[in-house]
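What follows draws every value from the coordinates through simple rules; no lab data is involved. Nothing here was measured: the structure is a model prediction, and the numbers come from that model. Please note: Cβ atoms are built from the backbone with ideal geometry, for glycine as well, and neighbour counts cover all protein chains shown.
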Amino acid sequence: MSNQLQETMVDSRRTFAIISHPDAGKTTLTEKMLLLGGMIRSAGTVKGKKSGKFATSDWMEIEKQRGISVTSSVMQFEYKDHFINILDTPGHEDFSEDTYRTLTAVDSAVMVIDGTKGIEAQTLKLFKVCRMRGIPILTFINKLDREGKEPLELLEEIEDVLGIESYPVTWPIGMGKRFQGTYDRFSKQIEVYQGNKESYFADFDGENIDDEIKKHVDEMYLPGLVDDLSLLDEAGNDFSIEKVKQGLLTPVFFGSAIANFGVQSFFNSFLQLTSPPQPRESTNGTVQPTDENFSGFIFKIQANMNPAHRDRIAFVRVCSGKFERGMNVTLARTNRKMKLAQSHQFLASSRETVDTAYPGDIIGLYDSGTYQIGDTIVGEGKVFEFDALPKFPPELFVKVRAKNAMKSKHFEKGINQLVQEGAVQLYRTPFFGDYILGAVGELQFQVFEHRMKGEYNVDLEFTRMSHNIAKWVDKSTIEDRMLDSRVMLVEDRDKHSVLMFENDFVWRLFQDKYPSVKFLDPFNL
Ligand code: G4P
């Protein structure tokens, strides 16, 4: 394939995730985007949370029982000559490491904030991962049809709590019952809110209020708008596309997803402001998406898509070259050569066989236990591995063992398999080798228990641990006297030492008492 064509394929792709706290409106916004892309409202995009209908992404039984989406699904569609890949992240409070890992496979993120609530806990956690990756983050402040916080207050919160500069591209005129619409500082147009009807667009230079504007916007709001705009120009941040691309400045948009207001203009700006698939670092140096040879990495392994067959699907993010069904690849970790005959692409709700895919796309490979999270697969040429996926510090820990000691073989087999898939993290205590599971969300334990019973026929006994902070540490700086019941030393799966602290107070006290202990960055071990 010509390099020109490859470049076009890369440039036209946008792969992103929507990060938010539950109930901010992520599902509603996703649906409106799918509608724009001509995808009809279909199962797989709609959570069955309250309605009792279950989406096709709710593969696992436990998801059905709880009516939530445990695992992230992928939706691909076309919009305005672009190929859009939205990687869904579980929105429930019980989110898991899958949510974090999905963020390693995207090139940008949309942060949805409920304008009545501001920044909430889960948004903050997910934001930190995006920030660490230095990807563009665009903000959509939702629910303008309801009385919420003042827009300036929201901007301040974004800057103070998240520590990122903000630049409002659109600015609201009124809110709640008095919501008039938004002003776009780039296109210099007012998008007039007309309830259920489509928006009306009126030109406005930001200063001179003419009769045409007064026809559409309640006159009493216009002087306030002019003042706000001049304040933003004078006291606000300057716009810098470079800063946006590095994730240092977030362009902010206001709207109402439920009323489909501001979504289209947001999406159009999104295409302009975000980056196509970017280069990635590997053991062979920087891999450009336009490189001829195929490469990709596995960011998620999903089991039980089909409970009758116990099959697993490895989700591959394509990073370079062109994927073609049936192609020969090498699994870099084991150097094993394989033919990728069975591959799937995710088009909104349905899984369809995929013949070709380009950087930014996600493909699903059938897996019978070959792959691990973070694996690199490469086509022709030199075999290399992408940088390891970051470790996400768990916040919940349980000791676990098989209820029936006779089942210890099954127990070990199951635990190893599920840990390899990334369902939970595994730690062992130094002398007794107790099994400690770590998770970022409670749901991971429930999924683990369910699958150990369903797939390995092992009943488990859990003992909740009171520790909730994990810090990777240089073991040579630790002495026995530093450890007690509130500070435990364990080893992760890769034999890295980890200190577990009972709470934030204990952790801070420890640092004060033992300043010589060297802590390591889990994102970069
Ligand atoms: P999530 O995926 O982030 O969890 O949020 P979701 O889209 O499910 O939206 C959460 C609730 O907020 C839903 O109401 C939804 O209708 C509502 N919502 C979304 N966008 C807007 C908006 O722009 N304005 C207003 N006023 N509400 C919005 P629900 O009552 O919890 O569920 P449902 O019965 O409507 O499905």
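Annotations
- Extension gain from Asp205 to Asp233, taking 0.36 nm per residue of separation minus the Cα-Cα distance: 8.8 nm
- Extension gain, Ala405 to Gln194: 0.36 nm times the residue separation minus the Cα-Cα distance gives 69.3 nm.
- Where chymotrypsin sites (Phe, Trp or Tyr not before Pro) in DSSP loops with at most 10 other Cβ within 10 Å are excluded, longest remaining stretch of the chain: 1-430
- Along its principal axes, the stretch 360-470 has C-alpha extents of 49, 31, 28 angstrom, given from the largest down.
- Helix 26-36 and the longest principal axis of the Cα set of the chain meet at an angle near 60°.
- Residue-averaged 222 nm ellipticity for the chain, from DSSP H runs of 4+ at -39500 (n - 2.57), nearest 500: -7000 deg cm²/dmol
- Unsatisfied cross-links (Cα-Cα over 30 Å) in the set Lys128/Lys475; Lys32/Lys243; Lys188/Lys245; Lys243/Lys475: Lys243/Lys475
- GluC sites (Glu not before Pro) within the stretch 182-223: DSSP coil, no more than 13 neighbouring Cβ in 10 Å: Glu198, Glu207
- Semi-axis lengths (Å, descending) of the ellipsoid that matches the C-alpha gyration tensor of the stretch 143-234: 23, 16, 11
- Virtual paramagnetic centre 7 Å along Cα→Cβ of Lys117, amide N under 16 Å, in the stretch 243-265: 257-258
- Reciprocal of mean inverse Cα separation for the stretch 3-273 (Kirkwood radius, Å): 19.2 Å
- Here each label is just a point 7 Å from Cα along the line to Cβ, and for Ala388 and His450 those points are 3.0 nm apart.
- Pairs of Cα atoms farther than 39 Å apart, the chain, %: 30 percent
- Paramagnetic reach from Phe431 (point 7 Å along Cα→Cβ, amide N under 15 Å) across the stretch 478-508: 480-485, 488-490
- Loop-located trypsin sites (Lys or Arg not before Pro) in the stretch 444-525 (DSSP state not H, G, I, E or B) with no more than 14 neighbouring Cβ atoms inside 10 Å: Arg493, Lys495, Lys518.
- Rounded tilt (10° steps) of 121-133 against the dominant C-alpha axis of the chain: 80 degrees
- Using alpha-carbon coordinates, inclination of helix 222-235 to the longest axis of the chain, degrees: 50 degrees
- Loop-located trypsin sites (Lys or Arg not before Pro) in the stretch 124-229 (DSSP state other than H, G, I, E, B) with a sparse environment of at most 13 neighbouring Cβ atoms within 10 Å: Lys188, Lys197.
- Between Glu442 and Asp11, the distance separating the two model label sites (each 7 Å from Cα on the Cα→Cβ line) works out to 5.0 nm.
- Residue exposure sequence - Tyr358, Tyr514 - by fewest surrounding Cβ within 10 Å: Tyr514, Tyr358
- Shape parameters for the stretch 396-524, alpha-carbon atoms, Rg then Dmax in Å: 15.4, 47
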